[in-house]
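The structure appears below as structure tokens.
The values are calculated or read from the model by the stated rules, or taken from the named source; none is laboratory data. Every value quoted in this text rests on a predicted model; they were computed, and no experiment measured them. For neighbour counting, all protein chains shown are included, and Cβ atoms are generated from backbone atoms with ideal geometry for every residue, glycine included. Quick note on the areas: whole protein, heavy atoms, side chains included, nothing else; ligands and nucleic acids left out. Shrake-Rupley method; radii C 1.70, N 1.55, O 1.52, S 1.80 Å.
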Amino acid sequence: MVDQIIEMLNEICGADPGEILPDTALFDEGILDSFGLVQLIVALEEGFGVALDPAVLERSQMATPDAIAATVQAAKG
């Protein structure tokens, strides 16, 4: 799942392959911004069949690809 999330991030953020690792701090390193986050949430919902409410998501839940994978996994139930 983390690899799929990294692929999504590469497409959304225009990152080069290998630039984003599972523990990359996406916001702190300027890779992901609020617009990119919205795009990512849509991609995650479509790609993994989950519903993510941006109003209740905390930044820490979307801070790294590993954290995003845990958030998606929790949303799947």
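For the reader, a short list of remarks on this structure follows.
- Rg/Rh, computed from the Cα trace of the chain with Rh as the Kirkwood radius, has the value 0.91.
- Remark: spin-label model distance residue 55-residue 2 equals 3.3 nm, labels positioned 7 Å along the Cα→Cβ axis.
- Surface composition of the chain: carbon plus sulfur atoms hold 50% of the accessible area, using a 1.4 angstrom probe and ignoring ligands, DNA and RNA.
- Rounded to the nearest Hz, the phi-derived 3J(HN,Hα) couplings of segment 16-21 under the Karplus curve 6.51 cos²θ - 1.76 cosθ + 1.60 (θ = phi - 60°) are 7, x, x, 6, 9, 10, where x marks glycine and proline.
- Solvent-accessible area per residue, Å², over segment 1-55 with all protein chains present [probe radius 1.4 Å]: 59 Å²
- Linear extension gain, residue 70 paired with residue 11, 0.36 nm per residue minus alpha-carbon span: 19.2 nm
- Summing Cβ point charges (Lys, Arg +1; Asp, Glu -1) relative to the Cα centre of segment 3-77 gives a dipole of roughly 280 debye.
- The chain - mean residue ellipticity at 222 nm from DSSP helices (-39,500 (n - 2.57) per run, n ≥ 4, rounded to 500): -16000 deg cm²/dmol
- In order along segment 46-54, phi translates into HN-Hα couplings of 6, x, 10, x, 10, 10, 10, 9, x Hz, rounded to whole numbers, per the Karplus curve 6.51 cos²θ - 1.76 cosθ + 1.60 with θ = phi - 60° and x for Gly and Pro.
- Ordering 42, 75, 5 by Cα displacement along the dipole of the chain toward the positive end leaves 75 in first place; charges were set at the Cβ atoms of Lys, Arg (+1) and Asp, Glu (-1).
- Cut-off 14 Å between beta-carbons: net charge of the residues surrounding residue 42, Lys and Arg +1, Asp and Glu -1: -4
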